[in-house]
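To keep things clear, I will list the structure first and then write my remarks on it.
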Amino acid sequence: MRKKITLIGAGQIGGTLAHLIALKELGDVVLFDVAAGIAKGKALDIAQSSPVNGFNINLSGTSDYEDTKNSDVIIITAGVPRKPGMTRDDLLGINLKIIKEVADGIKRTSPNAFVICITNPLDVIVMALQKYSGLPKNKIVGMAGILDSSRFIYFLSQELKISVNKIRSFVLGGHGDSMVAMLGSTKIEGKKIGELIKEGKITKERLGEIVDRTKKGGAEIVKYLEKGSAFYAPAASGVEMAESYVNDLKKELPCAAFLSGEYGFNNIYAGVPVIIGKSGVEKIIQLKLTKDEEAAFKDSVKSVQNLYDAAKKIDPDL
Ligand code: TXD
């Protein structure tokens, strides 16, 4: 029986999610948007490409939560993206209101779904989504770390002129300027990054520039696009999480997950390596962090906590 995958938000990322899911035949897709026409039009357009690419899934568009009933997976991009000069945190007020509405809708119609949240400011919005919806904490997860890690790996691969498939790294913590590239556990063709510095393949300064460019990866694209923000890499990242759940791949993926003591934090969502399988977030991996990484991770999670405190001022229900 094909899975039912609902995409709440049929905008730039939502439409790309739908197309990627169709090409992978991951499940039947319901595109949901308050702008029903966008949802229906994109669903029909992608469906009309099925003879070309030979995929066989159902696609539909709606603005009625009833049509999303009993979804197996829900991926949420409902919200507004940044404009040039805005930070991800500037989106808090408006996207908090939207996520409360979405939480009510999914709680009513798909309480057993695995929910992947993409809407920014990610870590606080996914935490608010879990609080508002009351769905199990291991079934609500945020997409950010895969995107940030992918940007870092790509920049490193360009610098070192090696395939992205030969680099393994995690960027963890909050999805903001305080995110932490875990250099201590980064492997390049099986070698630690310190060895490449010793061999003169890369300097510490250049590495720092690459980490900085990763932190600002979203803003760089917002500047180019002027209207809207990145959507191809975010959608690819969200689909990797959905695929690990639907096919029970038990992949180790950097995602915003609920911490209950891991890394010394409780009752907060932050980017950590997790195992995603058929039960959702099945395990949180405790990486061995260097002293610097531990301090930077703590700062990053503290910035998430500060923004969550700001969210609680906006909505005391949180
Ligand atoms: O790594 C990450 N997590 C980030 C997330 C990477 C890139 C973009 N990030 C955020 O995703 C971005 O800052 C936004 O908050 C979301 C969605 O970005 P997208 O580029 O897809 O935005 P669009 O194209 O504006 O699409 C948003 C859609 C749009 O069609 C609206 O009509 C719809 O959301 N929308 C709603 N749908 C359902 N319900 C409600 N209430 C609603 N309000 C707006």
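Taken together, the values in this text are just the output of simple stated rules run on the coordinates, not laboratory data. Since the model is a prediction, treat every value here as computed from it, not as a measurement. Please note: Cβ atoms are built from the backbone with ideal geometry, for glycine as well, and neighbour counts cover all protein chains shown.
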Taking GluC sites (Glu not before Pro) that fall in a DSSP loop and have at most 15 other Cβ atoms within 10 Å as cut points, what is the longest piece of the chain between them?
26-188
Trypsin sites (Lys or Arg not before Pro) within segment 175-237: which are DSSP loop residues with at most 12 other Cβ atoms inside 10 Å?
Lys227
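Write out the trypsin sites (Lys or Arg not before Pro) in segment 58-139 meeting two conditions: DSSP loop, and at most 15 other Cβ atoms within 10 Å of their Cβ.
Here the sparse-neighbourhood loop sites are Lys69.
Quick check on my link table: of Lys201/Lys227; Lys278/Lys302; Lys166/Lys204, which ones sit more than 28 Å apart, alpha carbon to alpha carbon?
Check vs 28 Å cut-off fails for Lys201/Lys227; Lys278/Lys302.
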Tell me, in nm to one decimal, what length is gained between Asp315 and Thr203 on full extension, where the rule is 0.36 nm per residue of separation less the Cα-Cα distance?
35.7 nm
Taking 19 Å as the cut-off for C-alpha to C-alpha distance, list the pairs among Lys161/Lys215; Lys3/Lys283; Lys216/Lys313; Lys83/Lys216; Lys100/Lys223 that go past it.
Lys161/Lys215; Lys3/Lys283; Lys216/Lys313; Lys100/Lys223
With +1 on the Cβ of every Lys and Arg and -1 on the Cβ of every Asp and Glu, the dipole magnitude of the chain about its Cα centre, in debye rounded to the nearest 20, is 440 debye
So which residue, out of Met182, Met241, Met86, gets the largest mean-square fluctuation from a GNM of the chain using Cα contacts under 10 Å as springs?
Met86
By the Cα gyration tensor axes a ≥ b ≥ c (a/c under 1.5 gives rounded; else a/b larger than b/c gives prolate, otherwise oblate), the shape of segment 50-184 is oblate
Compactness of the chain as Cα Rg over 2.2 N^0.38 Å, two decimals:
0.97
Within segment 77-112, whose backbone N sits under 15 Å from a point 7 Å along Cα→Cβ of Asn306?
87-90
Return the whole-Å distance between the Cα centroid of segment 216-234 and the Cα centroid of segment 129-188.
17 Å
Assuming 0.36 nm per residue, please report the length gained on full extension of the stretch Asp90 to Lys298 beyond their Cα-Cα distance.
72.7 nm
